[in-house]
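The values are calculated or read from the model by the stated rules, or taken from the named source; none is laboratory data. All values reported here derive from a predicted model rather than from experimental measurement. Here the Cβ positions follow ideal geometry from the backbone for every residue, glycine too, while neighbour counts run over all protein chains shown. Areas reflect the complete protein model, heavy atoms only, side chains present, ligands, DNA and RNA absent. Shrake-Rupley method; radii C 1.70, N 1.55, O 1.52, S 1.80 Å.
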Amino acid sequence: MTPPLTDKYMVTIAERLTSAYARIAAAAKNSQRNSNEISLLAVSKTKPSAAIIAAYEHGQRHFGESYVQEAVDKIAHLQAFSDIIWHFIGPIQSNKSALVAAQFDWVQSVDRIKIAKRLNSQRPTTKAALNVLIQVNISFEPAKSGCHPNEITELADFINQCEHLTLRGLMAIPAKTADPQLQLQYFEQLQTCFDKLQALYPQVDTLSMGMSNDVEAAIAAGSTMVRIGTDIFGTRT
C-alpha cells in the first residue's frame, strides 16, 4: 500500500522542484536556448517512496536511481504510477544486470561491451528496447566509471546492433570543481563527442550532464538532461 504523503514532503519538494525548473529556465535563457530542450532527472536514490510521490504530484516523471535492490523495491512499491520513467545511473555489476535490464526504462551508465551484451540478452522481449546512454569518463579519473572518449565509437557500434537496446546518447560525471571555466571545459569536450555520435546515429538525442553544482555550465555547453538530487530531495542519508 502506498504510504500517505506528508505535508513536509509535499511542500518542500514542490518548492524545490519549482526552483529547479526555474534554474534550468534561467540557465537556458542565458545560453540563448529553449528550456523545453532540457529535461530534469530527479535523482531519488536513498529517498523514500513518499518523496518520489511528492515530486510526481508536482509533475515530475523522470527519476534516477543508483542502487539496484533499493530501486527495484521502490519500482514495485510504485507500480501504480505507471507513467514514471525510471533511469539507472549507477555502476552496473554483472550479477545485478538482469534486474537492471528488466526493471528500468533507461540505463545511463553503460561503459563497456560486456555490460551492453548482458543488458541486451536479459531485456524481457515483452518490453520496449532499453534506452541506453554511454557513460564517458571525460575527466580521466582513475577511480571513476566510464569509458575513455576514444572508446565511444566501438561501444556505440556494438549497442546500435543490439536488438533490445536503443542508443540514445552520452552521460558523464566530470571531476568536481568550483571553477566555472573548468566545468565548461569538461562539458564542451563531451559535447564534441556527442556531436560526432549524433552524426553517425540519427536516433541519438540525449546528452546527460550537469548536476546541482554545475547546471549552468552544463546547459551552456549543450546538455539536454540535468540530474538533480539534493536540491530537490534534501541531503542523502
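Against the conditions (1) polar (S, T, N, Q); (2) open to solvent by less than 70 Å² (accessible area, probe 1.4 Å); (3) at pLDDT 95 or above, Thr12 satisfies every one except (3). Within the range 220-237, the residues that satisfy the criterion of being open to solvent by less than 30 Å² (accessible area, probe 1.4 Å) and among the hydrophobic types (A, V, I, L, M, F, W, C) are Ala221, Met225, Val226, Ile228, Ile232, Phe233.
Restricting attention to the range 57-73, the residues being out of contact with any strand residue (DSSP E or B) (no Cβ under 6 Å at 6 or more places or on another chain) and surrounded by fewer than 20 Cβ atoms within 10 Å (Cβ to Cβ) number 9. Whenever a residue of the range 22-34 is free of Cβ contacts under 8 Å to residues at least 24 places away in the same chain, its partners that are open to solvent by less than 50 Å² (accessible area, probe 1.4 Å), lying with C-beta atoms within less than 8 angstrom and at least six residues away or across chains, give the pairs Ala25/Ser35; Lys29/Ser35; Asn34/Ala28.
Scanning the range 38-53 for residues that are more than 16 Å from Arg227 (Cβ to Cβ) and not hydrophobic (A, V, I, L, M, F, W, C) yields a total of 2. Considering each residue of the range 80-111, count those that are surrounded by 16 or more Cβ atoms within 10 Å (Cβ to Cβ) and part of a strand (DSSP E or B), and give that number. Residues that pass the stated criteria total 8. Of all the residues in the range 112-127, those that are under 18 Å from Lys144 (Cα atoms), among the basic types (Lys, Arg) and out of contact with any Ser or Thr (no Cβ under 8 Å at 6 or more places or on another chain) number 1.
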